[in-house]
Amino acid sequence: MGAKHSSGSKELSSSELSRIPLEESNAIKEGFSKACRGSPKCPGEDFNKLVKRNWETSLGDALISRLGLKRDSDGSIAFKDFQTFSAKLLTRFTSERAKIVIQLAKDPTKDRVTIGDLKTFTRNLVKSFMIGRTNRGETSWFDGDTGIPQVSESLVSSAGTDDTKELSNDDVSTWLSANPLVMKMMETVVRGFLWLPSGSENAPTSTQTHLIPSCEHPFLPKARFPTLLGLPFVTMLNFELPLEFRHQWRFVYSSYLQGDSFTGLINSILDRGPTILIVKERGSDEVFGGFAPLSWTVSPNWQGNNTAFVFTLKPRLRIYRTTGYNDHFMYLNMNQETMPNGLGMGGQHDYFGFWLDSDFGKGFAAQTCTTFNAKSPLCSTERFQVDCIEVWGVGSEPEKPEERRSILDVDPGAKALLNMAGRATHSDGLRNFSEIDIEQASAEAEMSRKLDASISLDCDDVFVHCEQGSLARAAFPVMEEIRRSGKLCDVTVKAADQLISAHRIVLAATIPYFHAMFTHDMVESKQREITIQGIEPSALETLINYAYSGKVIINCDNVQSILQGAAFLQLDGVRTACGEFLLKTIRPGNVLGVKAFAESMGCANLAQEADKFIMQNFKAVAKMTEFLSLSKSEVQDIIARDHLNVDSEEVVFEALRTWARHDSSRESDFPELLMYVRLPLLTPQYLSDRVAVDEFVRNSLRCRDLLDEARDFHLMPERRCLLQTLRTKPRACNDVVGLIYAVGGLGKSGDSLSTVEYYDPLVGRWRMAEEMIMLRSRVGVGVLRNKLYAIGGYDGSERLATVEEFDPTTKQWRKVTSMHCKRSAVGAASLNDRLYVCGGYDGVCSLNTVECFDAKRNVWSMATSMSKHRSAAGVVTFQQNIYALGGHDGVAIFDSVERFDPNLAQWFPVTPMLTRRCRLGVAVLNNLMYACGGYDGSSYLKSVEVYDVTTDVWKYLAPMNAARSRVALVTNMGKLWAIGGYDGTSTLATMETYDPEKDVWTLAPSMCAHDGGVGVGVIPVTSLHEGFDDSDEDP
């Protein structure tokens, strides 16, 4: 048997082998000999273990199989072959390293490497770097792999974001050149694997690369140190530092250890040399910070130099260097009246790149920063709360000043205030926490306890964090009891004739309004009695009680007064709770008033939800007295919206007509507001019978012009492309929640079903609904006047002409008049209060006939036939026309599309689809028409295409996750929902949704009672709350 090796192996020349210096060649030989226990060959099993000790598993496997390492027939490796292999790995040429990266990263089944392959390779390289370091026994304060995903993504980001993009050798070489850290990690891993020291270990300190700095915490064992950093983060940040600072990191401060104190932070970082400051936001995983290249000093001036940078670590790692626009690198100040008090980096005063306020815990991150080239804010929350601050000094410790200053030395005014108050300055002469001599402090503590017995303590590795979380919670009830007994109260708040006693410190700590009043030099800060105007006395007393108890009971009687008081006192929590209460009480009769009240109180969320309610329930809201009281601008704002939820533009016209006639002075406003009614979308009959005869319309030339425009739209369809305005665009309310009903279809055995289930997107579950009266598969489904219709289909023995209607309010099915023709695989759509069914299969041939159902009269009538016989076509309403897409005639499958204009009673050809399809799904979303899935005669499709009527062009979108023939496609909540189908092997119960903003399909919960082939309809839930319907009107 011959030797086994990779097909891509190639012998290296003697000159290539000579690239390895003699001392390194000897080191490799010695390491190989030890690994083989003196044998001239390394057994395959031992070699595999050696690889696993230095490389991430999949990267190690690729290393062995793809780089031409020769093995003998028994799997062993001879030193000569290993030496050749080592010379290849130790190349210093970027182009050759790029070839190695491509071989290790590329999918062996593909010709070229992609960005996605590069991401996987980099993640595995970083893991290998960590593995090698751990197995060599190196330890650090930053043990742990926290940060591998962020570091890997950051290193690859310069190559691009499209994972499918293919890269050439030059592309990878360019990427490696732009990311020296990747090459240093590769070199470190390779040299560790080959028993060689890192390339920079023998260099002088000033020139060493130092991927990992040395670090010793002066007090605590590393196992007890709660750092925000993992070694991957440290490696990345350290590599970005100036070379002279990379060799050592020094612990300076952690609020986890030293408490939440701005004074403690400042006292720790002053005169400590260059530092890296890291901040974690409370309530999120976001971590960010900055590098300060000089010692921090308290000053009103900006400090630092252009080696400063800021960064984000989580959720995404990015380094942002200086722009050169200004020199606002570092700022630190406190106890000033005219200057900002706190710590900041970048930006300008009062709009820092990021800012830590002297009121510890408060922070600010600007949306843009002129100092640093930040593409996005360091923190997604502009005004954030601090969870933890951590500071590390970098480089050698600077020479210490003769006397370490405390914060009282920095601010003599603070010391003077203590002396005036008769308070001793016990911290005089004390050094900073990080410089305390542990042995001396322990001795002093032991003496102060005056223990009779001598106790020997070994506490070098002990750290106890004492925290009594219940202390604050227990204190406030006691303070409330003290207040009720009338003790220690130092302020009286007066509203009208009511006096309320309280404690100044409690009000300042819990109510922002009083905090500003008492902590600034305002007249009221020194007054014993304070008068508050504009708040009802009962509400003020309730809110002061809330300051002590943290509780308030909100009801219908007090919600408005409490909300007004909370807005005045800036109690956002109470204001939000009042908004949530009012949201639960919203009805068509009060929603306009609630919205106006919410806007006046600054309750943005409540105002937004009220506005959404108005959009979703306009028909009911427009019937209420509140609507008649709206101003002209308020009416215009509502009826101009694209997202107004109306079945027909008739609703908008009638609402405007009623509002205008409520006050005779509004006749002059009527023509301007009529511009926002989409008259071209009304039927010619309604335009003639209702709009043209209206007195306000007849009396206004401007109104008559709008009426003529609408008539032209109907009379000259060939010119509609020239009449595309806001008034010809159908409204679409994507906020309306709909229940998705899956009707009939097939069971596991292939039998037709009468089963019905529905999906509630708010809870994300399918639930069973009432069964139909008859079995139906390949059934047409339509929705008309919020009722569901099951049309035709196949019952297992014959095609059906029968039709059933489902009323979701009574949850009952009933039969209505049957169609004239039997039809399965039929399409249905509603338009102008009529239900149209097109084509289908009658058991003998495909049909081109069209029928129209008038639900009010319970009558079917024949309409103009399509130009083609279409079975299993997609049928949908789009821009006041019925569209029929694809399908087949029993011989050929179509890509053709035609539309029916009900006003002209004619079918017109439309630009064909890009792919021929039958059994497809079609739907309309955001004024675009989508076609997905189906069957093209040879394969089952998962492709998706979209039609833009304004450009008359089809284009492909992201495909579905699965091929789906017989798929049902509907629109709901601003997304497409593809349900069921057949993938060529089995029927599908799965469902997926399409987000048009992201061009992404996502799997959603599968049906529970069907195996595909269902008909689907969406019945909108027209309100967020039960208890009213469209007929509700004011008494």
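In segment 663-688, which residue that is in a loop (DSSP other than H, G, I, E, B) and among the acidic types (Asp, Glu) is surrounded by the most Cβ atoms within 10 Å (Cβ to Cβ)?
At the first step, the residues of segment 663-688 found to be in a loop (DSSP other than H, G, I, E, B) are 663, 669, 675-678, 682-683.
This time we only want the ones that are among the acidic types (Asp, Glu), so: 663, 669.
Details: Asp663: 11, Asp669: 19.
Per the criteria, the residue is Asp669.
Consider Phe597 against the criteria (1) in contact (Cβ under 8 Å) with a residue 40 or more places away in the chain; (2) more than 20 Å from Val737 (Cα to Cα): it satisfies all of them except one. Which criterion is unmet?
(1)
In segment 297-331, which residue that is among the aliphatic types (A, V, I, L, M) and surrounded by fewer than 21 Cβ atoms within 10 Å (Cβ to Cβ) is modelled with the highest pLDDT?
Just the residues of segment 297-331 that are among the aliphatic types (A, V, I, L, M), to begin with: 298, 308, 310, 313, 317, 319, 330.
Filter again for surrounded by fewer than 21 Cβ atoms within 10 Å (Cβ to Cβ), leaving 298, 319.
Working: Val298: 90, Ile319: 94.
If we take residues in segment 297-331 being among the aliphatic types (A, V, I, L, M) and surrounded by fewer than 21 Cβ atoms within 10 Å (Cβ to Cβ), then Ile319 is modelled with the highest pLDDT.
Among the helices (runs of 4 or more DSSP H) lying completely within segment 14-99, list those that include at least 1 residues that are among the β-branched types (Val, Ile, Thr). It would help to see each step written out before you state the result.
Values: elements: 14-17, 22-35, 44-52, 57-66, 79-89.
Counting at least 1 such residues, we get 22-35, 44-52, 57-66, 79-89.
Considering only residues that are β-branched (Val, Ile, Thr) and modelled with pLDDT of 95 or more, which ones fall in segment 936-952? Explain how you work it out, then say what you get.
Going through segment 936-952, the residues β-branched (Val, Ile, Thr) turn out to be 944, 946, 949-951.
If the condition is that a residue be β-branched (Val, Ile, Thr) and modelled with pLDDT of 95 or more, then Val944, Val946 are the ones that fit.
Condition first: at positive phi and either surrounded by fewer than 24 Cβ atoms within 10 Å (Cβ to Cβ) or not in a loop (DSSP other than H, G, I, E, B) (or both). Now tell me which residues in segment 859-891 satisfy that.
Restricting attention to segment 859-891, the residues satisfying the condition of being at positive phi are 872, 879-880, 886-887, 890.
Those that are at positive phi and either surrounded by fewer than 24 Cβ atoms within 10 Å (Cβ to Cβ) or not in a loop (DSSP other than H, G, I, E, B) (or both): Gln879, Gln880, Gly890.
Name every residue in segment 209-236 that is of a type in the set (S, T, N, Q) and either surrounded by fewer than 21 Cβ atoms within 10 Å (Cβ to Cβ) or modelled with pLDDT under 85 (or both), in order of residue number.
Taking segment 209-236 as the starting set, the residues that turn out to be of a type in the set (S, T, N, Q) are 209, 214, 227, 235.
The answer is Thr209, Ser214, Thr227.
I need the full set of residues from segment 956-1013 which are touching a Ser or Thr at 6+ places or on another chain (Cβ under 7 Å) and not in a strand (DSSP E or B), in order please.
Pro959, Ala962, Ser1006, Ala1009, His1010, Asp1011, Gly1012, Gly1013
Of the residues Leu904, Leu920, only one is in contact with a strand residue (DSSP E or B) (Cβ under 8 Å, 6 or more places away or on another chain), aliphatic (A, V, I, L, M) and at negative phi; which? Working first, answer last.
Numbers: Leu904 fails: in contact with a strand residue (DSSP E or B) (Cβ under 8 Å, 6 or more places away or on another chain).
Exactly one of Leu904, Leu920 is in contact with a strand residue (DSSP E or B) (Cβ under 8 Å, 6 or more places away or on another chain), aliphatic (A, V, I, L, M) and at negative phi, namely Leu920.
Results for (1) surrounded by 15 or more Cβ atoms within 10 Å (Cβ to Cβ); (2) out of contact with any Ser or Thr (no Cβ under 7 Å at 6 or more places or on another chain); (3) at pLDDT 85 or above; (4) closer than 22 Å to Leu543 by Cβ, shown as yes or no for each residue.
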position	(1), (2), (3), (4)
Ser485	no, yes, no, yes
Ala496	no, yes, yes, yes
Leu507	yes, yes, yes, yes
Ala516	no, yes, yes, yes
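Are any of the residues in segment 649-662 outside any helix (DSSP H, G or I) and either hydrophobic (A, V, I, L, M, F, W, C) or buried (at least 16 other Cβ atoms within 10 Å of the Cβ) (or both)? Walk me through how you get there before you give the answer.
Within segment 649-662, the first condition is being outside any helix (DSSP H, G or I), and the residues that meet it are 662.
This time we only want the ones that are either hydrophobic (A, V, I, L, M, F, W, C) or buried (at least 16 other Cβ atoms within 10 Å of the Cβ) (or both), so: none.
So far as segment 649-662 goes, no, none of its residues is outside any helix (DSSP H, G or I) and either hydrophobic (A, V, I, L, M, F, W, C) or buried (at least 16 other Cβ atoms within 10 Å of the Cβ) (or both).
The values are calculated or read from the model by the stated rules, or taken from the named source; none is laboratory data. These numbers come from a predicted model, not from an experiment. When we count neighbours, we look across all protein chains shown, and the Cβ atoms used for this are built from the backbone with ideal geometry, even at glycine.
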